Amino acid sequence: MASSCRRPEHSAPPDVFYNEEEAKKYSQNSRMIEIQTQMSERAVELLNLPEGQPCYLLDVGCGSGLSGDYLSEEGHYWVGVDISSAMLDVALDREVEGDLLLGDMGHGMPFRPGTFDGCISISALQWLCNADKRSHSPPKRLHSFFSTLYSSLSRGARAVFQLYPENSEQLELITTQAMRAGFSGGMVVDYPNSSKAKKFFLCLFAGVAGVLPKGLGSETSDRTVPNQVQYSGQRCRFKNMKGKSLKKGRDWILEKKERRRRQGREVRADTKYTGRQRRPHF
């Protein structure tokens with residue numbers, strides 16, 4: 001389960017590791033963008049949100065807003081929390097549509113009860129398993145996070161965490177603290193027999209017990225089980241695109257401007273030049 005290369009959380013605390021240089025990769029590295037987008041899509045599939053209905057979601061460890069971009073494309077509103085000011089600066093430069101909050105997830109989520117319809121988190125939860133300061137206790141920080149997250153979710157909502165566990169003990173620590181906080185659910189493993197494609201998703205239910213989805217690529221997966229999250233097949237659209245999603249067309253730009261108007265933001269008027277392709281400059 002553990003990787004042979006050095007794990008980022010062993011190098012430095014997250015607010016130190018994700019400095020300006022590292023943060024820039026999340027807006028310039030096409031492979032990183034592609035992976036983040038694919039995992040965000042899978043996390044939203046596991047949330048099993050009502051179809052065609054905009055939801056208010058929390059993105060924990062939102063970073064530069066790549067996962068938030070996918071939430072916006074799906075028509076949802078979101079709030080992102082991250083400990084790295086450098087990552088949030090990149091998100092601001094990218095003009096993401098969600099609201100951003102600088103904060104340490106180990107200190108708990110500072111939101112009112114029942115605020116969110118769901119929560120996603122991409123590649124962040126494993127950082128809480130490390131004690132970066134003498135005062136840090138991983139079990140206590142995990143419990144503080146999960147208990148306040150549980151409160152901030154509406155009853156029946158889901159929280160989905162994509163994570164890179166270092167070992168089975170880390171998985172047990174995380175799931176134990178989540179259950180202590182009141183959640184039900186468990187681990188969904190996609191492509192369990194593949195060393196490269198294998199992905200871990202902690203799928204939690206707040207208040208109402210649900211049917212735990214089965215992982216992709218599992219030979220025992222039953223596609224007829226009610227409430228089972230199915231692989232949509234939409235992820236193939238990211239192939240051969242070097243990490244870039246289908247954006248920047250006129251229809252996409254008009255839709256994005258209309259969403260911003262509904263949010264009360266100041267938006268330039270539409271003209272015949274909106275979304276027009278510009279000639280390259282040399």
Given a Förster distance of 41 Å, the FRET efficiency implied by the Cβ-Cβ spacing of residue 180 and residue 20, rounded to the nearest 0.05, works out to 0.65
Would you mind computing, in nm to one decimal, how far apart the modelled labels at residue 137 and residue 191 are, each placed 7 Å from Cα along Cα→Cβ? 4.0 nm
Using alpha-carbon coordinates alone, the radius of gyration and Dmax of segment 8-231 in Å work out to 16.4, 50
Between residue 31 and residue 7, what's the calculated FRET efficiency when r is the beta-carbon distance and R0 is 25 Å? Round to 0.05. 0.85
Could you calculate the contour length gain from residue 260 to residue 169, that is, 0.36 nm times the residue separation minus the distance between their Cα atoms, to one decimal place in nm? 28.3 nm
Could you rank the peptides 149-162, 94-107 by their average count of other C-beta atoms within 10 Å per residue, with the highest value first? 149-162, 94-107
Hypothetical label at residue 107: residues of segment 29-63 whose amide nitrogen lies under 20 Å (7 Å Cα-Cβ projection): 58-63
What ranking, highest mean first, results for peptides 63-70, 249-256 when packing means the other Cβ atoms within 10 Å averaged over each residue? 63-70, 249-256
Highest first, please rank the peptides 179-191, 31-43 by the mean number of other Cβ atoms sitting within 10 Å of their residues. 31-43, 179-191
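Rule-based calculations on the coordinates, nothing more; no lab input. Owing to the predicted nature of the structure, the values given are computational and were not obtained by experimental measurement. In this analysis, Cβ positions are derived from the backbone assuming ideal geometry, glycine residues included, and neighbour counts consider all displayed protein chains.
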